[in-house]
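Okay, structure first, notes after.
Throughout, read-outs are computed from the coordinates displayed, never taken from laboratory work. Bear in mind that the values here come from a model prediction, so they are computed numbers and not experimental data. Note: ideal-geometry Cβ built from the backbone for every residue, glycine included; neighbour counts use all protein chains shown.
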Amino acid sequence: MKKALLTGSFDPPTHGHLSIIKRAARLCDKLYVGIAINPAKIETSLLSNAKKKMLLENLTKAIKNIEVVLFEGLVSDFTKTNEIDFLIRGLRAFSDFEYEFRMAIANKKLADVDTIFLMADVEHTHINSSLIREIAYFGGPIEKFVPQEVAEALKQNS
C-alpha cells in the first residue's frame, strides 16, 4: 500500500487545492491531506483548523482513499510516524519551485522521503490563499476561486 502526504495551511481551501488533491489521490492507495498547525499564523487565519478540516472532509468525501488530518511539527516526523512513501506538493509558478525544492531536499535528508511535484491546472495558477484572504477581507466576490461551501464559511466569519 503506497501512502502519500499533501500538506498545506488550506486557509482557505481553494479550487486549486482541490484540483491537486484529486490528482494526488490517483497516485497512491492512501492520501493524507495534512493541515499544518502553525501557531504563528493562528491570529491571521481566516478559518479555524477545525473548520478547515471539516470543509476539506466535506469537499473530498467522494474520494475514498483520502484522510484529512491536522498535524503540528515537522513534515518529516509525520512521514516517519505514518510510514509515508512520498510527499506531494503543488506548484503554481516557477517562483514556487525554489522554496519547494529546498523543502524537498530537507525532507529527503530528514526522513528519506521523496517529493513529487504536480503542476497546477492553468486555470488555477493565479489562485493563492493570500489573494483570497485579501478579497474576502474587503468583502469581494470569492466564489470564482473557492467552492461555494468555503465561500459561505468565509462570509460567516466576517
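I'd like to compare 86-92, 22-28, 121-127: which one has the highest average count of other Cβ atoms within 10 Å, and what's the full order after that?
86-92, 22-28, 121-127
Determine, for K144, K80, K30, the number of other Cβ atoms within 10 Å of each Cβ, and report the residues in order from fewest to most. Display every interim value, and only then the final one.
Working: K144 10, K80 14, K30 17.
Ascending number of Cβ neighbours within 10 Å: K144, K80, K30.
Given labels modelled 7 Å from the Cα in the Cβ direction, how far is it in nm from N38 to L70?
Taking the simple label geometry, N38 and L70 are separated by 1.7 nm.
Specify whether the C-alpha gyration tensor of the chain places it in the rounded, prolate or oblate class, a ≥ b ≥ c being the square roots of the eigenvalues: rounded for a/c under 1.5, otherwise prolate if a/b is larger than b/c and oblate if not.
On the way: a/c = 1.59, a/b = 1.54, b/c = 1.03.
Prolate is the answer for the chain, as a/c is 1.5 or above and a/b outweighs b/c.
Could you give me the percent of Cα pairs per 10 Å distance bin for the range 73-158, shortest bin first, beginning at zero and ending with the bin that holds the maximum distance?
In order of increasing distance, the bins hold 15, 33, 28, 22, 2 percent.
Provide, for the range 34-136, the number of lysine pairs with alpha carbons under 24 Å apart, each pair being eight or more places apart or on different chains.
Counting lysine pairs in the range 34-136 gives 13.
From the Cα gyration tensor of the range 7-80, with a ≥ b ≥ c the square roots of its eigenvalues, which class applies: rounded if a/c is under 1.5, or else prolate if a/b is larger than b/c, or else oblate? Write down the numbers at each step before the final one.
On the way: a/c = 2.08, a/b = 1.30, b/c = 1.60.
Since a/c reaches 1.5 but b/c is at least a/b, the shape of the range 7-80 is classed as oblate.
So for D11, D29, fewest C-beta neighbours within 10 Å to most, what's the order?
D29, D11
For F117 and N58, what does the FRET efficiency come to when R0 = 35 Å and r is the distance between their Cβ atoms, rounded to the nearest 0.05? Intermediate values should be presented prior to the final figure.
On the way: r = 27 Å, r/R0 = 0.77.
Between F117 and N58 the formula returns 0.85.
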